Amino acid sequence: MTKRQHCLHCDRPQRTCLCDVMVVRNCDYRLVILQDPKEAKHALSSAPLLAKSIAGAELIVGEIFAPEQILGSDWQTNSVLIFPSDNSLKVADMRQCKIKNLILLDGTWRKVARLMHINPWLNTLPRFAIAANNNSQYKIRRSPRADGLSTIEAGVCALNELQTPEDFSNILLAFNKMIDLQISAMGPETFNNNYSKR
């Protein structure tokens, strides 16, 4: 069987290339995405799109992560985990603390919980919680949480809050096209039967 040809830029199959809508944006932070290995095998993972859309972003696949190697020796004072929290830092706090590293965890909620369990240092980091009024457009994957967002959506929402008045929403054009192409490939009837009633 012939292996599908992939685009060298977006790493998507050539017939579903997203390059025409992809953008690369600069931001004031270093974006680090820690991805569960099983999630890395998912063809519709949004993390690679986010990593390619933010200049200097890093996507690291693994289970056990060493913070000093990834974030540097000052990781405890200049890093924040983008994650729901009742004690979330405010935007002003982020600026006052001179936060440099924004960390996102990529995987299902169960996989993310496991990553946090086997990497206890993640639980020591301050957190920045995204505003609860953001709704996911990830129509082809379900989240057990009403406020669940894909990794790319979470990254865009966080940057939009942290770097007002800049708007990073155009990063989502590639994500939305990826979803639309998948729905088209599935066919409307299959999509409606499996995903429309949520």
For this session: All but one of (1) at pLDDT below 95; (2) under 21 Å from LYS52 (Cα atoms) hold for LEU102, so report the exception by its number.
Result: (1)
Exercise. Which condition does ASP86 not pass, out of (1) part of a helix (DSSP H, G or I); (2) surrounded by fewer than 20 Cβ atoms within 10 Å (Cβ to Cβ); (3) not polar (S, T, N, Q), if it passes all the others?
Worked result: (1)
Exercise. Restricting the stretch 104-114 to residues that are of a type in the set (A, V, I, L, M, F, W, C), assigned to a helix (DSSP H, G or I) and within 15 Å of the chain's Cα centre (by Cα), which is surrounded by the fewest Cβ atoms within 10 Å (Cβ to Cβ)?
Worked result: TRP109
Exercise. Restricting attention to the stretch 21-43, which residues are over 11 Å from GLY107 (Cβ atoms), in a loop (DSSP other than H, G, I, E, B) and in contact (Cβ under 8 Å) with a residue 12 or more places away in the chain?
Worked result: VAL21, MET22, VAL23, VAL24, ASN26, CYS27, ASP28, TYR29
Exercise. So which residues in the stretch 75-89 are among the small types (Gly, Ala, Ser) and closer than 11 Å to ASN101 by Cβ, if there are any at all?
Worked result: SER79
For this session: Determine the pairs where a residue that is closer than 16 Å to ARG30 by Cβ, located within the stretch 54-66, has a partner that is of a type in the set (D, E, K, R) and surrounded by fewer than 17 Cβ atoms within 10 Å (Cβ to Cβ) with Cβ atoms under 8 Å apart, the partner being 6 or more residues away or on another chain.
Result: ILE54/ARG25; ALA55/ARG25
For this session: Tell me, please, whether a residue that is part of a strand (DSSP E or B), in contact (Cβ under 8 Å) with a residue 60 or more places away in the chain and either of a type in the set (Phe, Trp, Tyr) or more than 30 Å from ASP180 (Cα to Cα) (or both) can be found in the stretch 92-103.
Result: yes
Problem set entry | Selection status of ILE130, crowded, with 19+ Cβ neighbours inside 10 Å and at pLDDT below 95 | yes
Problem set entry | Residue that is modelled with the highest pLDDT, among those in the stretch 133-172 that are among the small types (Gly, Ala, Ser) and not in a helix (DSSP H, G or I) | SER150
Exercise. Considering the stretch 58-73 alone, what residues qualify as being part of a helix (DSSP H, G or I), of a type outside the set (A, V, I, L, M, F, W, C) and surrounded by 13 or more Cβ atoms within 10 Å (Cβ to Cβ)?
Worked result: PRO67
For this session: Give the residues of the stretch 76-86 that are without any contact (Cβ under 8 Å) to a residue 60 or more places away in the chain and either within 16 Å of ALA154 (Cα to Cα) or in contact with a strand residue (DSSP E or B) (Cβ under 7 Å, 6 or more places away or on another chain) (or both), sorted by residue number.
Result: ASN78, SER79, VAL80, LEU81, PHE83, SER85
Problem set entry | Filtered residue count, the stretch 74-83, keeping only those that are assigned to a helix (DSSP H, G or I) and surrounded by fewer than 13 Cβ atoms within 10 Å (Cβ to Cβ) | 1
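Yes or no, residue by residue, for (1) under 15 Å from the mean Cα position of the chain (by Cα); (2) of a type outside the set (Ser, Thr, Tyr); (3) modelled with pLDDT under 95:
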| position | (1), (2), (3) |
| --- | --- |
| CYS7 | no, yes, yes |
| CYS10 | no, yes, yes |
| CYS17 | no, yes, yes |
| LEU34 | yes, yes, no |
| HIS42 | yes, yes, yes |
| SER46 | yes, no, yes |
| LYS52 | yes, yes, no |
| VAL61 | yes, yes, no |
| SER73 | no, no, no |
Problem set entry | Residue match in the stretch 14-33 (condition: within 29 Å of TRP75 (Cβ to Cβ), among the polar types (S, T, N, Q) and in contact with a helix residue (DSSP H, G or I) (Cβ under 8 Å, 6 or more places away or on another chain)) | no
For this session: Test SER46 against the criterion of being touching a Phe, Trp or Tyr at 6+ places or on another chain (Cβ under 8 Å) and touching a residue at least 12 places away in the same chain (Cβ under 8 Å), and give yes or no.
Result: yes
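The values are calculated or read from the model by the stated rules, or taken from the named source; none is laboratory data. Quick caveat: nothing in here was measured; it's all calculated off a predicted structure. Glycine gets a Cβ as well: all are built from the backbone with ideal geometry, and neighbour counts include every protein chain shown.
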